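What follows is a single structure, written as C-alpha cells, with notes after it.
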Amino acid sequence: MHNRRHFLKISAKGVAIMLAYISSTHLFSDDFCYENNCNKLNWKKFLKKVNKISNNQFSNSWDQELYVRELISIMATLNIKDSNLIDLYSSFKKTIFGFPELTTVFKDDKFDVVIIEFLKGDKIPLHNHPDMTGVILCLDGEVRIEIFNPVENNGSFSGTFIQLKEAITLTKGNFSTLTTQRGNIHSLEATQDCILLDVFTPPYRGDRLERYRWYTRSSLPEPNSPNIYKAVEHKQFPGF
C-alpha cells in the first residue's frame, strides 16, 4: 500500500487504470458489505439516499443518533468500485508533510463526502466539528481514533477541558460516529496505511467554519480527574 498515494497522483490518465489497480491490490474487495446485504448502491443512488435523510437536519425534532445509524446503513452498501466515485477519487493534492491527503468527492449545503488517505504514521491532530454530525467508515487499513467531549471549566485555566471518552482502532468495515452532543473532538493516527470515507452533516460552512478549532492537550490528565485534560485552542493548524 505504500505506493498508493503516488499512484493516485498519476491516475488521472484513466478510470480504467484506477479500477485495474484497485482490483489488483484488493483495496475494496467484493466481500465489503454488511449484515449479509450486498445490494450495493451506485454513487448517484448513494448521494440521493443521503440527501433524503439529511433533510431531517432542518427539523426541530432531528434525531442525530437515528440519523448516524441510518447513514451507516447507507454507507455500508455503497459500491466503492463505482466508476463515478473512482473518477472523483483519482486526483489528490499534497497538503502537509506527515498529514493525510483529503479529497472532497461531494459537497453541498447539506453534507460533504470526503475520502482521506493515510500513510502509516500520518496524523490528524485534535480538532472539532462544531454543530455537526459525522460518520467515518474505514475502507482499508487501520486508524486509531481518540474521542473527546468538552467539559465545563470552572477554574482559572483560560483554555478548554476535554474528557477522553474512548480510544478505538478502526479496521476495514468499521465505523466511528460523532454528533453535536458527543465525540465532537477527536484525533486520528494511522497505525497502518489507511483509507477512510467520511460524511459530515452539515458541512464546514459559514459560522461552523469560523468555530472550527485545533487543540493541543496536556500530556497528563488533571489530578484526581481521570481522562480529563487541559487543552489549548488554535484557529489555525498549529504545525504539529
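The values are calculated or read from the model by the stated rules, or taken from the named source; none is laboratory data. It should be emphasised that the depicted structure is a prediction, and the values quoted were computed from it without experimental measurement. Backbone-built Cβ (ideal geometry, glycine too); neighbour counts: all protein chains shown. Areas reflect the complete protein model, heavy atoms only, side chains present, ligands, DNA and RNA absent. Shrake-Rupley method; radii C 1.70, N 1.55, O 1.52, S 1.80 Å.
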Residue-normalised accessible area of region 118-172, given per residue in Å² at a 1.4 Å probe:
40 Å²
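What net charge is computed for the residues neighbouring ASN153, neighbours being all others with C-beta under 13 Å from the C-beta of ASN153, Lys and Arg scored +1, Asp and Glu -1?
Details: positive: LYS230; negative: GLU152, GLU222, GLU233.
Computed value for this residue: -2.
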How far apart, in nm, are two points set 7 Å out from the Cα along the Cα-to-Cβ line at ASP109 and at ASN42?
2.8 nm
Points 7 angstrom from Cα along the Cβ direction at ASN55 and ILE72: gap in nanometres?
2.5 nm
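Taking R0 as 22 Å, what FRET efficiency do you get between GLU222 and LYS165 from their Cβ-Cβ distance, rounded to the nearest 0.05? All intermediate terms of the calculation are to be shown ahead of the outcome.
Details: r = 15 Å, r/R0 = 0.70.
Computed FRET efficiency for GLU222 and LYS165: 0.90.
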Can you count the Lys pairs in region 44-142 whose Cα atoms are under 19 Å apart, with each pair 8 or more apart or on different chains?
20
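Roughly how many percent of the accessible protein surface of region 95-179 is carbon and sulfur, given a 1.4 Å probe and a whole-percent answer?
Values: 1610 of 3410 Å².
So the carbon and sulfur contribution to the accessible surface is 47 percent.
Contour minus end-to-end for ASN84 and LYS120, with contour as 0.36 nm per residue of separation and end-to-end as the Cα-Cα distance? Provide the component values of the computation, followed by the final result.
Working: separation 36, 0.36 × 36 = 12.96 nm, distance 2.75 nm.
Computed gain between ASN84 and LYS120 is 10.2 nm.
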